[in-house]
Structure formats: structure tokens, C-alpha cells
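Below is one structure, written out as C-alpha cells; comments come after it.
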Amino acid sequence: MRKWLAVGVGLNVFLGIPGVVPFWLVWYWASNWPLAGLGWTQREPTENDGMLPWFIVATPVLVLFGLVWWLANRPVRRRAGGSGRLYWSVGAAAVLAPTGALFVSSAVRG
């Protein structure tokens, strides 16, 4: 089980590298609309196109990434055995690792 869990972590970190794009799209959307509406962030001053272009661009990117992530993890999860909750939790954290590393790097460099 540990071997397949390690394979799952490696797979998800690898998938997290191109996954930076959909995570950035979600953050950009959230920071410009719902979070800005609550007063937690400031809107981008040049963002005045509305929501339709975001749904046209972001929806296919997010659906494609989610589908690739799920299809790549399904066979590894079956071979890993053990708790599915553990595997999917570790996989979700591992796929976020590259985005987290970029976030920390950006915050450190200022």
C-alpha cells in the first residue's frame, strides 16, 4: 500500500505542475468577484468584461484538468488499496503542492 501511495503522491505532484493554470484561474475569478464583493480583496481595475468570457475560458480548462486528474488517479487508487479517503486526501494535497510552492516563492520574493 505504501508503494502505491508514494506513486500516487508523485503522480499528483506531476499533475500539479500544469494544474497551476486552473488553480490560478479559480483564484483570479474568486478574488475579482465573490471575495471582492465581500471586501476581502480588491478587483483588478482592468477586469471589466463580465462573467461570460470567464465561463467560456475557465470551464473547459477546469473540466479538462479535473477529468485528467480523476482518470489518472483511478487506477492508482485501485492498486493502492486501503482507505480511499486517505488516498484522495493525500492526492488533493499533493496536486496543490506546486501551486503552494509558487505562492510561497512569490510571498518570499515580495
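So here's what we get for this one:
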item: Relative contact order for segment 2-109, counting Cα pairs under 8 Å that sit 6 or more residues apart, in percent; result: 53 percent
item: Rounded Å value of the spacing that divides the Cα centres of segment 58-79 and segment 1-23; result: 11 Å
item: Relative packing of 59-67, 38-46, 18-26, which averages over residues the other C-beta atoms within 10 Å, highest first; result: 18-26, 59-67, 38-46
item: Globularity ratio of segment 1-90, using Cα Rg and 2.2 N^0.38 Å; result: 1.40
item: Gain on full stretching of the segment that runs from Arg74 to Asn48 - 0.36 nm per residue minus C-alpha separation; result: 5.4 nm
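Values quoted throughout were computed directly from the atomic coordinates according to the rules given, and no laboratory measurement underlies them. On a predicted model such as this, the values are computed, not experimentally measured, just so you know. Using ideal geometry, Cβ is built from the backbone for each residue, glycine included, and neighbour counts are taken over all protein chains shown.
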